[in-house]
Amino acid sequence: MSSLKPAQPRVYARPEHTISRAQISPNALKVLYRLKKAGFRACLVGGCVRDLLLGREPKDFDVATDAHPEQVRELFRNCRLVGRRFRLAHIRFGREIIEVATFRGVAALGREGDWAQEETGRLLRDNVFGTIEEDAWRRDFTVNALYYDIADFSVIDYVGGMEDLRQGVLRLIGDPERRYREDPVRMLRAVRFMTKLGFTLDAACERPLSRLTPLLADIPPARLYEEVLKLFLSGCAVQTFERLRQYGLFAYLFPATDEALAQEHHGFPLTFLVRVLDNTDRRLNEGKAVTPYFLYAALLWEPVRLEAQRRQEVGSAPVVAMQEAASEILSVQIRHVAIPRRISLPMREVWTLQPRFERRQGGRPFRLLSHPRFRAAYDFLLLRSEAGEAEPALADWWTRFQQADENERRKMLEKPRRKRRRRPRQRKGAKQTSVST
Ligand code: ATP
Ligand code: MG
């Protein structure tokens, strides 16, 4: 691919771009300078250069160099080589890790045995060292292939990324269909970057998308787990979700959810999911933490809920029905997107606590309150009730129950036997409580 293109990059000298060293992590600068001093080429590359040029704060700083991994290791005491397929150097400074990658060649230029391609066009390996130019051509989008060279503080552009950045266009390098086939995850990355950056996807890159979505089925579920998290933890999950559905990508990530959404009549599931995603975005934009299991629990809630309902209709008790539904839906889901156990366990808890909220007699509410997953499950219930899928009165009861003191809590409990009169009685009881205190 690269041999067909002009070898001369466009170089933007220091006054022609907006990157200043003050915006760059001091640790990344240390790495760049030390490589340079040892006689190697050293550049910042990828997302950090793109974000710096856009005036955004980069998430992390990646370095590309012509030094081989072992040579990098010799220069840094705090260095560890990672990655089986392609060796990368991780240089650690306290909590910050600067990733240093040796320039990598494009597959077609590799020696036999160093690259392989499937019938669909998917690249299986591309672990050959290359020149900076080859390294640029093998990257996904033009705006992700810009280099900030520490030798003269220039920005080096082989692929027209600078112009695309100015225009707000996301464009794959080379032939779009071929690049999607090489690595179908690029379809998800297209959605991620267009929403995150607010860019338009170049028409030629958008056209083949819907047709190529089935290629996602070949991607290892473990890799998709990471990608899905990046998609939904980007701070613009609502838009991302809408785009994924628009292109038909969502169906390959969450088939059971997609099916449930297609069948919906009352609008609950969509409202619920959008609420959760909106909530996630707001939390992230306020700098608060978001737990992946909560997000995944929400993404799969509708099929789990429907399956539990079916099982209840044929006689399972509510909590058992929920446990069985959880297993059923999870076992299908992990064939598409892997879910590690540390995530699926709390997901199950959030789900199975939902029917337990209904039971408000005796010691049950007290036991539920002290459950380690109570808080997450209660937040989940609130979102369900806001979406109109759970009784607002139920969510409200739990809100009051948490705020009440021991005495009030006892008064709030439902009387177990007389089922028909349960509701009016409970309301009366609640009123008395507030009068007597
Ligand atoms: P973010 O800020 O979200 O991390 P990023 O651009 O840094 O965005 P990464 O996933 O960290 O994204 O990847 C770093 C760089 O590696 C990209 O900018 C791109 O140049 C290259 N890259 C990553 N994934 C691919 C891929 N699937 N195909 C080609 N190049 C890729
Ligand atoms: Mg990155």
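The values are calculated or read from the model by the stated rules, or taken from the named source; none is laboratory data. The model shown is predicted, which means the values in this text are computed figures rather than measured ones. Because the Cβ atoms are built from the backbone with ideal geometry, glycine has one as well, and the counts that use them run over all protein chains shown.
A few points about this structure:
- Any hit, the range 211-228, residues being outside any helix (DSSP H, G or I), assigned by TED's automatic domain parsing to the domain that holds Phe374 and in contact (Cβ under 8 Å) with a residue 24 or more places away in the chain: no
- Output for the range 400-414, where each listed residue is under 16 Å from Glu358 (Cβ atoms) and part of a loop (DSSP other than H, G, I, E, B): Leu413
- Selection count where residues are assigned to a helix (DSSP H, G or I) and over 21 Å from Ile339 (Cα atoms), scope the range 246-260: 1
- Residues that are charged (D, E, K, R) and closer than 17 Å to Gln333 by Cβ within the range 219-235 comprise Arg223, Glu226, Glu227, listed in sequence order.
- Those helices (runs of 4 or more DSSP H) of the range 264-335 in which at least 2 residues are more than 19 Å from the chain's Cα centre (by Cα), considering only elements entirely within it, cover 268-285, 301-313, 318-333.
- Considering the conditions (1) within 29 Å of Glu408 (Cα to Cα); (2) assigned to a helix (DSSP H, G or I); (3) basic (Lys, Arg), Arg348 is excluded by exactly one of them, (1).
- Of the residues making up the range 236-252, not a single one is of a type in the set (A, V, I, L, M), without any contact (Cβ under 8 Å) to a residue 12 or more places away in the chain and on the phi < 0 side of the Ramachandran plot.
- Check on Leu231, within 12 Å of ligand 1 (Cβ to nearest atom) and modelled with pLDDT of 95 or more: yes
- Pair list, Cβ under 8 Å, 6 or more apart: the range 51-66 residue in the same structural domain as Lys30 (by TED's automatic domain parsing), other residue more than 9 Å from ligand 1 (Cβ to nearest atom) and among the aromatic types (Phe, Trp, Tyr): Leu52/Tyr148; Ala64/Phe103; Ala64/Tyr147; Thr65/Phe40; Thr65/Phe103; Asp66/Phe40; Asp66/Phe103
- The set of residues in the range 173-204 that are part of a loop (DSSP other than H, G, I, E, B) and near ligand 1 (Cβ under 10 Å from one of its atoms) comprises Ile173, Asp183, Pro184.
- Unmet requirement for Leu345, which otherwise passes all of (1) crowded, with 17+ Cβ neighbours inside 10 Å; (2) at pLDDT 95 or above: (1)
- Single match in Leu188, Leu172, Leu201, Leu165 (criterion: more than 26 Å from Tyr225 (Cβ to Cβ) and at pLDDT 95 or above): Leu165
- Flag if Gly130 is away from ligand 2 (no atom under 16 Å from the Cβ), farther than 16 Å from Leu29 by Cβ, in contact with a strand residue (DSSP E or B) (Cβ under 6 Å, 6 or more places away or on another chain) and modelled with pLDDT under 95: yes
- Checked against the criteria, Ala64 does not count as small (Gly, Ala, Ser) and more than 15 Å from ligand 2 (Cβ to nearest atom).
- Residue match in the range 13-21 (condition: without any contact (Cβ under 8 Å) to a residue 12 or more places away in the chain and either surrounded by 15 or more Cβ atoms within 10 Å (Cβ to Cβ) or touching a Pro at 6+ places or on another chain (Cβ under 6 Å) (or both)): no
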